[in-house]
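S.K.: Pasting in a structure now, in structure tokens, and then I'll have a few things to ask.
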Amino acid sequence: MDKKDLKIVYMGTPDFAVESLRRLVEGGYNVVGVVTMPDKPVGRHQTAPSPSPVKEYAMSRGLRLLQPVKLKDPAFVEELRSLGADLQIVVAFRMLPEIVWNMPRLGTFNLHASLLPQYRGAAPINWAIINGERETGITTFFLKQEIDTGNIIDQVKVPISETDNAGTVHDRLMRLGGDLVVKTVDAILAGTVQARPQSELAPEAALHPAPKIFKDTCRINWNMATSRCYDFIRGLSPHPGAWTELVNGGRRTVLKIYASRKLERFPEEQPGHLWTEDGHLLVALADGTLELTEVQLSGKKRMPASDFLRGYRLENDAHCK
């Protein structure tokens with residue numbers, strides 16, 4: 001079968017999913033439909049509903065668009081079936097019911113931003129960096145009922161550098177994901193896929209999960225080791241952002257921290273003590289010191305710490321908790 005004859009339905013929502021869809025469309029593959037989340041309000045004021053990045057791209061290319069509220073809705077299931085897809089591709093979408101993922105004759109495969117079976121879950125990029133991993137990657141696998149557990153089709157390994165954050169790794173995996181999705185479709189077309197159970201790839205060490213990240217997850221524990229705190233901050237940057245409660249002269253406010261630098265210094269102050277030195281913003285940890293280099297005070301813009309210190313005075317009792 002030629003790629004122009006293979007009917008593909010693509011499912012995804014955020015920016016990460018746009019690159020793979022773009023590669024398919026511009027590569028001449030026959031995308032007969034795109035499924036994405038319903039429009040929803042975004043931003044601080046939650047005003048008019050906004051389309052997802054995948055919807056914006058699909059509309060710009062005149063693709064047929066489906067936005068179900070419930071994936072088991074009989075009307076949606078019937079409309080999806082009417083597209084006659086041979087293959088479905090899922091990138092950063094929702095958990096599919098069996099009636100949906102089992103519909104195409106060639107199955108449904110997912111692109112996941114980790115080296116499965118490690119980091120199953122909603123936030124694999126963040127957790128890999130938070131945990132100090134030096135390698136991650138992308139995986140395509142066929143869906144089955146249990147989330148992120150299906151047979152693996154292909155993987156690409158990617159190093160994580162000491163200076164990477166979740167944003168830089170996200171963008172690297174997004175670009176490589178487009179390559180891997182196209183490669184996977186071509187392999188399915190050629191009949192050369194030899195999918196392997198994840199149990200064959202499972203290491204002897206315990207598996208690391210990648211659960212959804214909530215606000216409380218992002219609060220910094222200043223009793224962590226310096227290296228772990230450094231990884232925690234970059235693993236949540238630029239989104240959703242690690243945060244702490246800044247206590248200064250009796251006033252309390254939320255301070256987000258987007259970037260830091262490890263220093264070979266061992267202060268006598270308690271973990272969380274905050275002070276300035278030669279225009280630098282420093283915080284004590286149990287086994288070292290971090291320089292906070294990019295921060296955002298509640299209600300203010302994100303900025304370099306040097307700019308923050310020009311407009312904010314730290315008292316002697318300033319600390320993070």
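S.K.: Can we say I89 is in contact (Cβ under 8 Å) with a residue 40 or more places away in the chain and either under 27 Å from P211 (Cβ atoms) or in a loop (DSSP other than H, G, I, E, B) (or both)?
M.R.: yes
S.K.: Can I ask one more? Going by what's in this entry, would F214 be described as surrounded by fewer than 21 Cβ atoms within 10 Å (Cβ to Cβ), outside any strand (DSSP E or B) and not β-branched (V, I, T)?
M.R.: The answer is yes for F214.
S.K.: What is the number of the single condition among (1) out of contact with any Lys or Arg (no Cβ under 8 Å at 6 or more places or on another chain); (2) of a type in the set (D, E, K, R); (3) without any contact (Cβ under 8 Å) to a residue 40 or more places away in the chain that E135 does not meet?
M.R.: (1)
S.K.: Name every residue in region 272-301 that is under 17 Å from R261 (Cβ atoms) and of a type in the set (D, E, K, R), in order of residue number.
M.R.: Result: E277, D278, D287, E291, E294.
S.K.: Given (1) under 27 Å from G241 (Cβ atoms); (2) in a loop (DSSP other than H, G, I, E, B); (3) without any contact (Cβ under 8 Å) to a residue 24 or more places away in the chain, where does E146 come up short, assuming only one miss?
M.R.: (1)
S.K.: Additional query: Please count how many residues of region 265-307 are outside any strand (DSSP E or B), among the aliphatic types (A, V, I, L, M) and touching a residue at least 40 places away in the same chain (Cβ under 8 Å).
M.R.: 1
S.K.: Here's another thing I want to ask about it. Condition (residue is exposed (fewer than 15 other Cβ atoms within 10 Å of the Cβ) and either among the aromatic types (F, W, Y) or free of Cβ contacts under 8 Å to residues at least 60 places away in the same chain (or both)) applied to region 110-118: is it met by at least one residue?
M.R.: no
S.K.: Restricting to region 115-144, what's the tally of residues that are over 23 Å from V35 (Cα atoms) and either touching a helix residue (DSSP H, G or I) at 6+ places or on another chain (Cβ under 6 Å) or not polar (S, T, N, Q) (or both)?
M.R.: Number of matching residues: 16.
S.K.: Here is a follow-up. Can you tell me which residues in region 1-55 are surrounded by fewer than 15 Cβ atoms within 10 Å (Cβ to Cβ) and among the polar types (S, T, N, Q)?
M.R.: Q46, T47, S50
S.K.: Which is over 30 Å from I147 (Cα atoms) and out of contact with any His (no Cβ under 9 Å at 6 or more places or on another chain), of R219, R251?
M.R.: Exactly one of R219, R251 is over 30 Å from I147 (Cα atoms) and out of contact with any His (no Cβ under 9 Å at 6 or more places or on another chain), namely R251.
S.K.: State all residues of region 188-235 that are in contact with a strand residue (DSSP E or B) (Cβ under 9 Å, 6 or more places away or on another chain) and without any contact (Cβ under 8 Å) to a residue 24 or more places away in the chain; if no residue qualifies, say none.
M.R.: Within region 188-235, Q194, E200 meet the criteria.
S.K.: Kindly indicate whether V185 is surrounded by 13 or more Cβ atoms within 10 Å (Cβ to Cβ), in contact with a strand residue (DSSP E or B) (Cβ under 9 Å, 6 or more places away or on another chain) and under 30 Å from P104 (Cβ atoms).
M.R.: yes
S.K.: Could we say that W127 is surrounded by 21 or more Cβ atoms within 10 Å (Cβ to Cβ), among the aromatic types (F, W, Y), modelled with pLDDT of 95 or more and touching a Pro at 6+ places or on another chain (Cβ under 9 Å) here?
M.R.: Criteria met by W127.
The values are calculated or read from the model by the stated rules, or taken from the named source; none is laboratory data. Quantities reported herein were computed from a predicted structural model and do not represent experimental measurements. Neighbour counts run over all protein chains shown; Cβ positions are idealised from the backbone, glycine included.
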